[in-house]
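*Asks:* Here you go, one structure.
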Amino acid sequence: MKKFDKAFTFGTATSSYQIEGGATEGGRTDSIWDTFSATPGKVFQGDHGGIACDHYHRYREDVQIIKKLGVESYRFSMAWPRIFPEEGVYNQEGMAFYKALIQELKANDIKPVVTMYHWDLPQWAQDQGGWASRKSLKWFSEYAHKVFEELDGLVDSWITQNEPWCAAFLGYHQGVHAPGHRNMEEALKAAHHILLSHGQTVKLLKETFQSDTPIGITLNLTPFYAASDSYNDQIAKNNADGYTNRWFLDPIFRGSYPSDMINLFSKYVHDFSFVQPGDLETISVPCDFFGINYYSRGLVEFNGAHDFLQAAAYSDYEKTEMHWDISPSEFQELIRRLRQEYTDLPIIITENGAAYPDQLTEDKQIHDPERTSYIQKHLQAIAELNEEGMNISGYFVWSLFDNFEWAFGYDKRFGIVYVDFDTQERFMKDSAHFYRKVVREREV
Ligand code: FCB
């Protein structure tokens, strides 16, 4: 058995568009995900987040579920189009929802960890270029200002941005996430502006608001491995790492973009003048912690027909329903590398979890041994890393609920709590009972 010390935080995580529903209520306007979901062929079976887990109406009941789990902390995100339904128009009713949620959490001794952006950009902002436009910095600053004005002091920690790689590259380069564009130049600009918005928001909190509420960013990181020792496969691995990890880690922790990737990107983009003097200083502003979402390793091989000469290779690892390799020891290698090459900041695992095709039994049970084992292995990996002094200070299971899994709609269930989307009933899965025990006993 491995122990977690008293200071270690256990939590669960969700995001606004994936659970809230209430899409047209409280003055909210469309986000890019409403638009994307309504576009035929973009999301599995035309699913959308219009109702999702109906959390907008059921948040009180949902807080009781979190309480029953016994976790100290709950990570959720705020829907920007609830707060600014139109450009420059602040909506108090949208803010009131988050105030009420935070109040409910605090009344139940659960610490709110708030993500300010988890992909639901207001459609009005996208209509003017979205993250690819430098105007996004002004829009985000106005939003962040209101959020801090109203909520700082009530929340335990702030996360500025969730997974800029997904928001920028899945959204603007690969086109599989909203807004569904396939344009490398837009993607690079979006990535840059998202990172800048992070730095700018940290400064806003620390300098303008003089606040000491901890603040950081969350990246999705994937440790890449080469399918063989061949020189070409090593190149593939380096490029995959550059595209997914270093393009974000380097500016945040070193204040520069990796030069090998600038070379590769310049095949698609000729003008990098969107990176302006002072930007990298802002992006690399010191934070209080570093958030990581970890799901899987990546195995790649050389492929001349693909972007950056790399493509996924066959892997014989055991997989989750997403076809993602279960790879807790590669997770450990990733953390050790971050400690060596990038940062001493406390690391919080802000997401980790697995999708499996769950079945609700007649007596309303969900036996999910694979998910339980996935969570157990990663928690064990964390406890071992902490024995090595790696300073991981918290862990948030993704996800509290089955929810709208982006382009996969409701087809993929990541929750430790099952949601019957016909009745909106919630049922704790075996993995939730397991997690509850880990949290109570502080050992795994
Ligand atoms: C992450 C996202 C989260 C969820 C999980 C499975 O990339 O942050 O919203 O979709 O993957």
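The values are calculated or read from the model by the stated rules, or taken from the named source; none is laboratory data. These numbers were taken from a predicted model, which means no experiment stands behind them. When we count neighbours, we look across all protein chains shown, and the Cβ atoms used for this are built from the backbone with ideal geometry, even at glycine. Calculation scope for accessible area: heavy atoms of the full protein, side chains included, ligands and nucleic acids excluded. Shrake-Rupley method; radii C 1.70, N 1.55, O 1.52, S 1.80 Å.
*Asks:* Confirm whether Leu249 is of a type in the set (A, V, I, L, M), closer than 21 Å to Glu163 by Cβ and buried (at least 23 other Cβ atoms within 10 Å of the Cβ).
*Replies:* Against the criterion (of a type in the set (A, V, I, L, M), closer than 21 Å to Glu163 by Cβ and buried (at least 23 other Cβ atoms within 10 Å of the Cβ)), Leu249 does not qualify.
*Asks:* Here's another thing I want to ask about it. Could you say whether any residue in the range 313-323 is buried (at least 19 other Cβ atoms within 10 Å of the Cβ) and not in a loop (DSSP other than H, G, I, E, B)?
*Replies:* So far as the range 313-323 goes, no, none of its residues is buried (at least 19 other Cβ atoms within 10 Å of the Cβ) and not in a loop (DSSP other than H, G, I, E, B).
*Asks:* Based on this model, can you work out whether Val155 counts as over 14 Å from the mean Cα position of the chain (by Cα), of a type outside the set (S, T, N, Q) and not in a loop (DSSP other than H, G, I, E, B)?
*Replies:* No; evaluated as a whole, the condition is false for this residue.
*Asks:* Do the conditions hold for Leu338, that is, is it closer than 26 Å to Val285 by Cα and either modelled with pLDDT under 95 or more than 16 Å from the ligand (Cβ to nearest atom) (or both)?
*Replies:* The answer is yes for Leu338.
*Asks:* I've got another one for you. Look at Leu338 and say whether it is surrounded by 19 or more Cβ atoms within 10 Å (Cβ to Cβ), under 25 Å from Ser157 (Cα atoms) and more than 22 Å from the chain's Cα centre (by Cα).
*Replies:* When the stated conditions are applied, Leu338 does not pass them.
*Asks:* Here's a follow-up. Identify all residues within the range 96-113 that are buried (at least 23 other Cβ atoms within 10 Å of the Cβ) and within 21 Å of Leu219 (Cα to Cα); write none if there are none.
*Replies:* Within the range 96-113, Val113 is the sole residue that qualifies.
*Asks:* If you take the residues of the range 342-364 that are in contact (Cβ under 8 Å) with a residue 24 or more places away in the chain and open to solvent by 70 Å² or more (accessible area, probe 1.4 Å), which of them is farthest from Arg75 (Cα to Cα)?
*Replies:* Lys364
*Asks:* Only one residue in Asp363, Asp358, Asp422 is over 21 Å from the mean Cα position of the chain (by Cα), within 16 Å of the ligand (Cβ to nearest atom) and not in a strand (DSSP E or B). Which one? Full working, then the answer.
*Replies:* On the way: Asp363 fails: within 16 Å of the ligand (Cβ to nearest atom); Asp422 fails: within 16 Å of the ligand (Cβ to nearest atom).
Among Asp363, Asp358, Asp422, only Asp358 is over 21 Å from the mean Cα position of the chain (by Cα), within 16 Å of the ligand (Cβ to nearest atom) and not in a strand (DSSP E or B).
*Asks:* May I pose another question? Using the structure shown, decide if Arg371 is of a type in the set (D, E, K, R), farther than 29 Å from Gly41 by Cα and buried (at least 19 other Cβ atoms within 10 Å of the Cβ).
*Replies:* Considered against the rule, which asks whether it is of a type in the set (D, E, K, R), farther than 29 Å from Gly41 by Cα and buried (at least 19 other Cβ atoms within 10 Å of the Cβ), Arg371 comes out as yes.
*Asks:* Among the candidates Phe408, Phe414, Phe401, Phe427, single out the residue that is more than 16 Å from the ligand (Cβ to nearest atom) and under 30 Å from Ala38 (Cα atoms).
*Replies:* Phe427
*Asks:* Shifting gears a bit: Is there a residue in the range 34-45 that is more than 26 Å from Glu150 (Cβ to Cβ), more than 16 Å from the ligand (Cβ to nearest atom), surrounded by 15 or more Cβ atoms within 10 Å (Cβ to Cβ) and aliphatic (A, V, I, L, M)?
*Replies:* Scanning the range 34-45 turns up no residue that is more than 26 Å from Glu150 (Cβ to Cβ), more than 16 Å from the ligand (Cβ to nearest atom), surrounded by 15 or more Cβ atoms within 10 Å (Cβ to Cβ) and aliphatic (A, V, I, L, M).
*Asks:* Sticking with this one: Criterion first (among the aliphatic types (A, V, I, L, M), part of a loop (DSSP other than H, G, I, E, B) and in contact with a strand residue (DSSP E or B) (Cβ under 8 Å, 6 or more places away or on another chain)) does Ile348 satisfy it?
*Replies:* The answer is no for Ile348.
*Asks:* Would you point out which residue out of Phe290, Phe331 is in a strand (DSSP E or B), within 16 Å of the ligand (Cβ to nearest atom) and surrounded by 19 or more Cβ atoms within 10 Å (Cβ to Cβ)?
*Replies:* When all the criteria are applied, what remains is Phe290.
*Asks:* Separate question: Can you tell me which of Phe396, Phe404 is part of a loop (DSSP other than H, G, I, E, B), open to solvent by less than 10 Å² (accessible area, probe 1.4 Å), of a type in the set (A, V, I, L, M, F, W, C) and in contact (Cβ under 8 Å) with a residue 60 or more places away in the chain?
*Replies:* Phe404
Rundown of residues vs (1) of a type in the set (Asp, Glu); (2) within 24 Å of Ala236 (Cα to Cα); (3) in contact with a Leu (Cβ under 8 Å, 6 or more places away or on another chain), yes/no style:
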site: Met184; (1), (2), (3): no, yes, no
site: Ala187; (1), (2), (3): no, yes, no
site: Ile194; (1), (2), (3): no, no, no
site: Gln200; (1), (2), (3): no, no, yes
site: Lys203; (1), (2), (3): no, no, no
site: Glu207; (1), (2), (3): yes, no, no
site: Gln210; (1), (2), (3): no, no, no
site: Ile215; (1), (2), (3): no, no, yes
site: Leu221; (1), (2), (3): no, yes, yes
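*Asks:* Quick check, is Val89 open to solvent by 20 Å² or more (accessible area, probe 1.4 Å), out of contact with any strand residue (DSSP E or B) (no Cβ under 8 Å at 6 or more places or on another chain) and closer than 22 Å to Glu405 by Cα?
*Replies:* It is false that Val89 is open to solvent by 20 Å² or more (accessible area, probe 1.4 Å), out of contact with any strand residue (DSSP E or B) (no Cβ under 8 Å at 6 or more places or on another chain) and closer than 22 Å to Glu405 by Cα.
*Asks:* Another question, then. Scan the range 114-130 for residues that are away from the ligand (no atom under 16 Å from the Cβ) and open to solvent by less than 10 Å² (accessible area, probe 1.4 Å) and jot them down.
*Replies:* Result: Pro122, Ala125, Gly130.
Residue by residue, here is whether (1) under 19 Å from Ser230 (Cα atoms); (2) of a type in the set (Gly, Ala, Ser); (3) modelled with pLDDT under 95 holds:
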residue: Val285; (1), (2), (3): no, no, no
residue: Phe289; (1), (2), (3): no, no, no
residue: Val300; (1), (2), (3): yes, no, no
residue: Asn303; (1), (2), (3): yes, no, no
residue: Leu309; (1), (2), (3): yes, no, no
residue: Ala312; (1), (2), (3): yes, yes, no
residue: Ser315; (1), (2), (3): yes, yes, no
residue: Met322; (1), (2), (3): no, no, no
residue: Ser327; (1), (2), (3): no, yes, no
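*Asks:* Counting just the residues of the range 205-240 that are without any contact (Cβ under 8 Å) to a residue 60 or more places away in the chain and among the acidic types (Asp, Glu), which one comes out surrounded by the fewest Cβ atoms within 10 Å (Cβ to Cβ)?
*Replies:* Once the filter is applied, the top-ranked residue is Asp229.
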